[in-house]
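The next block holds one structure in the form of structure tokens; read it before the comments.
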Amino acid sequence: MGNGKELESLVEVIKKLRGPGGCPWDMEQNHDSIKPCLIEETYETIEAIESGNPDKLKEELGDLLLQIVFHANLAEEAGKFDIDDVITTIREKMIRRHPHVFGDSGADNAAAVLKQWEEIKSKEKGNENRKSALEGIPKSLPSIIQAHRIQERAARVGFDWDNVDDVFAKVEEEMGEFKEAFLAGKTEEIEAEMGDLFFALVNIARFVEVNPDEALKKTIVRFAKRFRHIEERLAEGGKTMADVSLAEMDKLWEEAKELEREKTG
């Protein structure tokens, strides 16, 4: 497949862009300045995966790889490490954290693999002094993903509900507390209780094995499609939303839902 040669070729492209006579923009960049590019390319890669278009995914994976090679080149220029060190580090980590594949350890299901992974990770250099099972979760993660990761970590060490009924009860409890704060007009408590309610809903998603971030994204897509259907149907009659009642818009909303059901069979 020639993976090594292709990667070396990409590394040389970055070196040329950063070297004498290279690109003025690339030469000005540093780790901090290109952080937004890394985030943007990550999300574009996710969108490509969701699109199901292999050509688009191939392109976006390349853009994401470019960011990794660029950061590694910046580190090499500073005399810290290079792309080979990056590859060696992750290869060794994957072998070390999969002793059930590369060693004599046993793990015959996903839950056992995750438990073993966390145990090995806790003993690695840089992690041995962690005082909490929740340490190491990036604070820059979107809040709904961060909540999911925190709950997963807590569950792995036994801090979890016994069954889904307990989780539903917690959601009902948090909804009641939110309503109480709202009716009392307590602004600070409203925000806190809203956060607790969101957190409990994320916990239900984790408990029933639904990715809450993905679920919300799909709902957003459905909402936008149905909203556009209303706009388009009204436009056909020379109207806008300002010209009709909520009941009329709701009727078109239900029409959009019915069309979706017909398409999905």
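The values are calculated or read from the model by the stated rules, or taken from the named source; none is laboratory data. This structure is a prediction, so every number in the text was calculated from the model and none was measured. Cβ sites come from the backbone with ideal geometry, for glycine too, and all protein chains shown count toward neighbours.
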**Q.** Neighbours by Cβ (under 7 Å, 6+ apart or cross-chain): first from segment 126-152, closer than 22 Å to Leu197 by Cα and of a type in the set (Gly, Ala, Ser); second modelled with pLDDT of 85 or more and in a helix (DSSP H, G or I)
**A.** Ala147/Phe199; Ala147/Val202
Q) Considering segment 182-203 alone, what residues qualify as being of a type in the set (A, V, I, L, M) and either outside the structural domain of Asp162 (by TED's automatic domain parsing) or in contact with a Phe, Trp or Tyr (Cβ under 7 Å, 6 or more places away or on another chain) (or both)? A) Ile190, Met194, Leu197
**Q.** Hits in segment 24-42 - residues which are loosely packed, with under 13 Cβ neighbours inside 10 Å and either of a type in the set (Ser, Thr, Tyr) or without any contact (Cβ under 8 Å) to a residue 24 or more places away in the chain (or both)
**A.** Pro24, Trp25, Met27, Glu28, Asp32, Ser33, Pro36, Ile39
Q. Could you list, in sequence order, the residues of segment 83-115 that are under 15 Å from Arg153 (Cβ atoms) and at pLDDT 85 or above?
A. none
Q | Subset of segment 195-213 [among the aliphatic types (A, V, I, L, M), within 17 Å of the chain's Cα centre (by Cα) and farther than 16 Å from Glu172 by Cα] | A | Val210
Q. Regarding Ile145, is this residue in a helix (DSSP H, G or I) and closer than 28 Å to Ile204 by Cα?
A. yes
Q: May I ask you to say which residue of Phe178, Phe207 is modelled with pLDDT of 95 or more and aromatic (Phe, Trp, Tyr)?
A: Phe178
Q. Can you name every residue in segment 183-215 that is part of a loop (DSSP other than H, G, I, E, B), of a type in the set (Gly, Ala, Ser) and at negative phi?
A. none
